[in-house]
Structures are given as structure tokens and as C-alpha cells.
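Novice: The structure is given below, and queries will be raised subsequently.
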Amino acid sequence: MAFEVRPLTKNFGAEVHGIDLSEALDRETVAEIEALWRDNVVVLFKRQVLTEPQLIRFTNTLGQAEAISRTDILSPYHPEVAYMSNFRYLDGRTIGAFADDKDVGWHSDQTFRPKPATGAILYGVEVPPEGGDVSFANQYLAYERLSPEIRGKIEGRTGIFSYRKRLERFNPGELKDSIDKMKQTPDVPHPLVLTNPISGRKAIYADPNTLASIEGYDQAESDAIIEALVEAATHPDVVYRHKSHPGDVLMWDNGCSLHRREGVDNGSPRLMKRTTFHLPKEKYALPY
Ligand SMILES: [Fe+2]
């Protein structure tokens, strides 16, 4: 299938025109999308109109869509689809996650899990005219920014990723009520450098919200290294900021990127649909 690609920034990111994701894609087209994604980390498809089964079908051409365990943010129709929205049901319950209007800081999804689903797709159905921009930081480029000294310190090292740290940063109130949840979510180790098996490029894997320490260093040394990693990981030269429009389908790889979201204008309706998916280790940089 012939399609057109435009760069999102001078450094990375691809915007695709001429592919209709509501249709089943042939193998060659999927391979071209995969190659584009591998090089660009973030791929954007404009002006898409997708039912939930079509969104799930596209997701499953790239990996294995995951059924989401948080039932409060689920689509009532398909467990593979989560809602991000400020809508409410008639009984007052919020529809989906992030119903509040606050910004969400730099992070990579699911790093507190032993086997994170690193693929993610966000489909904008109803998007406010202002606010809610999503930014992405390319962790391959971030790795290239590290000094040889810091690279040497993290090569082959394992980080300890902590759900507790995330709760403390995002929601201290929730922490008090979350002892049971934390017991079910113990700290997990992940490598701090991930390598794409096809390109051989190396990416920093350091979610600022969960990376609590580095094995083999005391806390002060860990903190100093983590500070250097986060500085490189979020440097403006490795960031693309996306202004969402209805019909945007944005896909990113959590194994080689961080993302954040600006505050949302809750005076306007917002409904985004998201899938998360496990990617094959033969093609992608995975932390497990
Ligand atoms: Fe996220």
C-alpha cells in the first residue's frame, strides 16, 4: 500500500497519510509500519475513524492486545480498550482514567510490572481544542546524550522499579489505602539499558516515577545516576510535543520512550481510547 510519511520533528517521529486503519492491512504494509516505528519511536496516523474492534485488530497486527485489569477505566464493550475521558455516567462515576485536569509528569507505562506491555496506541475520539498535549521523549537519542562515564556506570546494571514511589509522587493520599495493593505489586528489577534486537540501538530505560535505586550502588550514588539519566531522558532535543486532534491515532513504544501529558481543559469534552499490547522480543527492545 502506497502511503506518505512526514517527519514530526527534525530528530524523530513520523506522521503517516494514506493508510486507513479501519481496514485489514496486508503483510507488507504492516512490515513497513513496523520499520517506521522502529526508527521513529512515535508514529501518528491522521483522520482515522475506528470502531473498537477495528482498533483492537490494528493493535493485534503489531503485538498482543492486553485485557486491562483496572475495570474502572475499561470500555464496557471490549476489555482490551481503556478510556481516558472527563465524561461521566449518569450515576456520577467517571468514564475512564485521568478524569481530573492535572498534568501527568514524565513516565513510561507499567514499569512497576515484571512484564510491562510496552506497546501503546491512543485514539482521539473527542479532543478539547486546548490543553491535554502529549509529549514524547526518544530514549535512543537520550542514550546518545549520556556521558561515557554515566554509560559505563549503567551498562549491564539493573534498576529497582517501585510502585510505591509512583504512588508517593502521583497520589500520596492513595498511598495510605494502598498497602494491600503494594503487597501485590512488589518492586521489580529491570535493565537500565534496552537494546533493539534489529537495529542494535540502545535506549535508556529509566521511568522517573518508579526507578527508585540501582543495584550495586548506595542510595546517594543511585540518586546521582538517576538524576543524570532523567536529565538526558527529558532533554528538549529528544522531545516531541503533540497537539491532539480528533481522529489522531498515536502509537508509541514504552521500551524506548517516555511520555507526559499537559493539563486538560475540563470545560470541553474529552474521550480518548487506548490499547496496550505486548510486543515480540524478536523485533522490539523489551525490559524482560
Ligand atoms: Fe502513560
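Novice: Out of Val134, Val104, which single residue is in contact with a Ser or Thr (Cβ under 8 Å, 6 or more places away or on another chain) and within 11 Å of the ligand (Cβ to nearest atom)?
Specialist: Answer to the selection: Val134.
Novice: Starting from the range 105-125, take each residue that is outside the structural domain of Gly159 (by TED's automatic domain parsing) and more than 20 Å from Gly263 (Cα to Cα) and list its partners that are among the acidic types (Asp, Glu) and away from the ligand (no atom under 12 Å from the Cβ), counting only C-beta distances under 7 angstrom and pairs at least six apart or across chains.
Specialist: Ala117/Glu66; Thr118/Asp253; Gly119/Asp253
Novice: Can you pull out every residue in the range 107-131 that is within 12 Å of the ligand (Cβ to nearest atom), surrounded by fewer than 21 Cβ atoms within 10 Å (Cβ to Cβ) and more than 26 Å from Thr51 (Cα to Cα)?
Specialist: His107, the sole residue that qualifies.
Novice: Any idea which residue in the range 52-75 is surrounded by the fewest Cβ atoms within 10 Å (Cβ to Cβ), counting only those that are touching a strand residue (DSSP E or B) at 6+ places or on another chain (Cβ under 9 Å) and at pLDDT below 90?
Specialist: Filtering the range 52-75 for residues that are touching a strand residue (DSSP E or B) at 6+ places or on another chain (Cβ under 9 Å) and at pLDDT below 90, the one surrounded by the fewest Cβ atoms within 10 Å (Cβ to Cβ) comes out as Arg70.
Novice: With Leu211, Leu258, Leu250 as the choices, which residue is more than 14 Å from the ligand (Cβ to nearest atom) and surrounded by 14 or more Cβ atoms within 10 Å (Cβ to Cβ)?
Specialist: Answer to the check: Leu211.
Novice: Take the residues of the range 137-150 that are open to solvent by 20 Å² or more (accessible area, probe 1.4 Å) and of a type in the set (A, V, I, L, M): which is nearest to the ligand (Cβ to nearest atom)?
Specialist: Leu141
Novice: Here's something else I'd like to know. Looking only at the range 28-51, how many residues end up being open to solvent by 50 Å² or more (accessible area, probe 1.4 Å) and within 17 Å of the chain's Cα centre (by Cα)?
Specialist: 2
Novice: Still on this structure, please answer the following. Output the number of residues of the range 264-288 satisfying the condition of being modelled with pLDDT under 95 and open to solvent by 30 Å² or more (accessible area, probe 1.4 Å).
Specialist: 4
Novice: Another question about this same structure. Mind listing whichever residues of the range 8-27 are open to solvent by 30 Å² or more (accessible area, probe 1.4 Å) and under 21 Å from Asn196 (Cα atoms)?
Specialist: Answer for the range 8-27, where residues must be open to solvent by 30 Å² or more (accessible area, probe 1.4 Å) and under 21 Å from Asn196 (Cα atoms): just Asn11.
Novice: Then there's this: Just to be sure, is Lys153 under 25 Å from Ala65 (Cβ atoms), more than 16 Å from the ligand (Cβ to nearest atom) and touching a Phe, Trp or Tyr at 6+ places or on another chain (Cβ under 9 Å)?
Specialist: no
The values are calculated or read from the model by the stated rules, or taken from the named source; none is laboratory data. Worth saying up front: this structure is predicted, and the values here are computed from it rather than measured. Cβ atoms come from the backbone with ideal geometry, glycine included; neighbour counts cover every protein chain shown. The area values use the complete protein model at the heavy-atom level, side chains included, leaving out ligands, DNA and RNA. Shrake-Rupley method; radii C 1.70, N 1.55, O 1.52, S 1.80 Å.
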